[in-house]
Amino acid sequence: MKAVFSVFVAVFLLASTALSGCSSETETEPKVDEQTEPVAVEDDSLQPEMTEGKDKREAVDVTNIVLKESPFLSGKNLSPVQERMPKEPKLVNENPNEWYEGGKPAIGKYGGKLRMVSPDINFNPDLFIMLNEALLNTPGILGNEITGNIVKDYKVSPDEKQFTFYMREGLKWSDGEPVTTEDIQFAYEDVLNNEKLTPVFPALFRSGGQPDGKPMKLEVIDKYTFALSFDEPYGGLLLRLAIRGWVGYTDLLKPKHYLRQFHPKYTPIERLEPLIKQAGFKKGEWWNLFQLKDVSNWENTNKSAVGFPSLQPWIMVKSSETVVEFQRNPYYFKIDEAGNQLPYIDEIQSFLVQDKQLETAKMIGGEVDAANGILMNMPLYKENEEKGGYKTYLFNMHVTPADIVLNLTYDDPVWRKVVQNVQFRKALNMAIDRKEIIDSIYFGHAQLPEHVPSEFDPDKANEILDEIGMDKRDKNGFRLGPDGKTFEIPFEVTPMDADMIPITELIVEFWKKVGIKTTMKQIDGGLWGTRNSANKLQATVVWVHKPLWYYGDLSTANWAPLWNQWNATGGKKGEEPPQDVKQFYELMRTTAVSLPEKAKAAFEQNLQMLRDNIYWMPLVDKAGNPYIWNNRIKNVPTKGYAITNSFGAELVYYDN
């Protein structure tokens, strides 16, 4: 399985912020509250409204819906549920990608504690997605349409330069304070445009999503309406606010009422100095204090999130060296068709595990209620289902799990002359027995790739290699390069997941059979990242988000680091690429800045160019990804990507 952990850790290094430790007591059995019918409270304020960006699945009559809450909240001195919810809650009444049997989730029951595990006490990747809320949503994470989420609605100007957003009136932070455009304005004016807090204005909020684009402008229209404007068309902004990069809402929406106490614009610096000193910073370094107190979406499973106002379904209440605990957010803004405030499950515990072996042992031992699995362990999971009290579901990965990359810009003239020859790349691609990879590595749970030729013909590969001038061989039978020396492909691979090393071992043997000397060296992730950034890797194996087309990460930083650098800096650094690669980059830019229809068309052209040029070599598509759920938990997905298990977590519930 291409674990979600790999997806995030390979891109981000998350810093841990220390707070005082809490209790380390744990439980070995899930605690499930008695399933009772929630207390009903009438709410006459729910009026449906349909506009361009409205979630069409909310088009039901909610005028007379009776709002209900979990018994878990009883006795907590809270205002009535209808006063805690926005006037137009987010109505989750069907699944757009038919993740569930019957095409939609059932009305669930309140109660229960969900047990999870993670090798990092400060970052649980599955839980991160369960908690992360974005301003917008793309049903099924497919990118085909963009609907409301935290904001209920949006409009786009015809030139795609201005985006107007309509917030949910009555939406509240987890501490009960209202969410308004003041929070948007605070994030924009006092954080994004403060050089101490944001030395470099983020590319996300620049025209075209480019580092050299002009920064956006914010217009606050009223208490619940704001607009973002750019000097160039930027329709791709919507998908970025919905899912691309997993940005969440925290870059653009911050709890002003809480964070203003750490900002000198609102709190005199002399009152901040004791806090600055207590936090261990130098005198006057208020920006470090602010950043310590501000919790981004990437830190939502970090201990620093305790007490920080959020819009998540569950909020962190305790953190220790061994376990992190969450409880339901009493102000969460989503409901089901029956008017039940989500989520159904009341509590979550995330336990620290030292390694994958211990995680697997806890999974098959019935000590974990929800977890990503590893495809290689599928027989083990299935064998222990009855004893462990769980069921294993098989989904597709949301990435191509292990793609072969040859660095076309590595600093060696002989290497470049060989690997930049598209016929050489086609020959090597033809020498890969993908069916063997599917059978031996993925146990048959994968398909041949759609966007590179998958024909296995080593005889034809040998013929092509002879034709391009690599017909001479050394005494060991390996082909010589244009310099008369043995040509070698040295793989350097870090095991981002369990399939990468055995796959590379197979590639080494496949290519040796057509006379290409190929070797493999395993290196750790830190060294791999350093060497990759420095253009020092000649050959490696990576995963790519290709199934999630809107990501646009077509491995350019791996198969052409210097060309990619030239493109990213507007020609200021790196090396100018050939015309076909320039065209490839331009299509990627079109995908990034356009609304879905135009963006997908550009992406398909990118994939056709990949088929024609074999810039890198995807090995398989739709590889299997197991996910484990406790037998007593219902409303679990049965289709789609494995990652969707985390996206719909507020809908799962204990049946007994």
Practice problem: Would you tally the residues in segment 302-320 being surrounded by fewer than 20 Cβ atoms within 10 Å (Cβ to Cβ) and of a type in the set (Gly, Ala, Ser)? | Solution: 2
Practice problem: Could you look through segment 529-548, keep only residues that are within 21 Å of Glu604 (Cβ to Cβ) and assigned to a loop (DSSP other than H, G, I, E, B), and pick out the one that is most open to solvent (accessible area, probe 1.4 Å)? | Solution: Pro547
Quiz item: Is there any pair with a first residue in segment 318-331 that is over 16 Å from Asp346 (Cβ atoms) and a second that is open to solvent by less than 10 Å² (accessible area, probe 1.4 Å) whose Cβ atoms are under 6 Å apart and which are 6 or more apart or on different chains, and what are they?
Solution: Val323/Gln349
Quiz prompt | First in segment 142-163 and touching a residue at least 40 places away in the same chain (Cβ under 8 Å) and open to solvent by 50 Å² or more (accessible area, probe 1.4 Å), second anywhere and hydroxyl-bearing (Ser, Thr, Tyr) and in a loop (DSSP other than H, G, I, E, B), Cβ under 8 Å, 6 or more apart | solution = Asn144/Thr138; Glu145/Thr138; Lys155/Thr51; Lys161/Tyr234
Quiz item: Looking only at segment 377-392, which residues are open to solvent by 20 Å² or more (accessible area, probe 1.4 Å), assigned to a helix (DSSP H, G or I) and either within 18 Å of Glu367 (Cα to Cα) or among the charged types (D, E, K, R) (or both)?
Solution: Asn377, Met378, Leu380, Lys382, Glu383, Glu385, Glu386, Lys387
Quiz item: Right, Leu78: surrounded by fewer than 17 Cβ atoms within 10 Å (Cβ to Cβ), among the hydrophobic types (A, V, I, L, M, F, W, C) and at pLDDT 95 or above or not?
Solution: yes
Quiz item: So is Phe395 at pLDDT below 95, out of contact with any Lys or Arg (no Cβ under 6 Å at 6 or more places or on another chain) and buried (at least 21 other Cβ atoms within 10 Å of the Cβ) or not?
Solution: yes
Self-check item: Selected residue (criterion: least open to solvent (accessible area, probe 1.4 Å)) from residues of segment 570-599 that are under 25 Å from Pro158 (Cα atoms) and of a type in the set (Asp, Glu)
Solution: Glu586
Quiz item: Has segment 98-110 got any residue that is among the hydroxyl-bearing types (Ser, Thr, Tyr), touching a helix residue (DSSP H, G or I) at 6+ places or on another chain (Cβ under 9 Å), at pLDDT 85 or above and crowded, with 23+ Cβ neighbours inside 10 Å?
Solution: yes
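Looking at Glu299, is it surrounded by fewer than 18 Cβ atoms within 10 Å (Cβ to Cβ), touching a helix residue (DSSP H, G or I) at 6+ places or on another chain (Cβ under 9 Å) and among the acidic types (Asp, Glu)?
When the stated conditions are applied, Glu299 does not pass them.
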Quiz prompt | Test: residue in segment 360-370 that is farther than 30 Å from Trp314 by Cα, of a type outside the set (Ser, Thr, Tyr), open to solvent by 10 Å² or more (accessible area, probe 1.4 Å) and in contact (Cβ under 8 Å) with a residue 40 or more places away in the chain | solution = no
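The values are calculated or read from the model by the stated rules, or taken from the named source; none is laboratory data. Keep in mind that this is a model prediction, so the values were computed, not measured. Glycine also receives a Cβ, built like all others from the backbone with ideal geometry; neighbour counts cover every protein chain displayed. Keep in mind that these areas ignore ligands, DNA and RNA; they rest on the heavy atoms of the full protein, side chains included. Shrake-Rupley method; radii C 1.70, N 1.55, O 1.52, S 1.80 Å.
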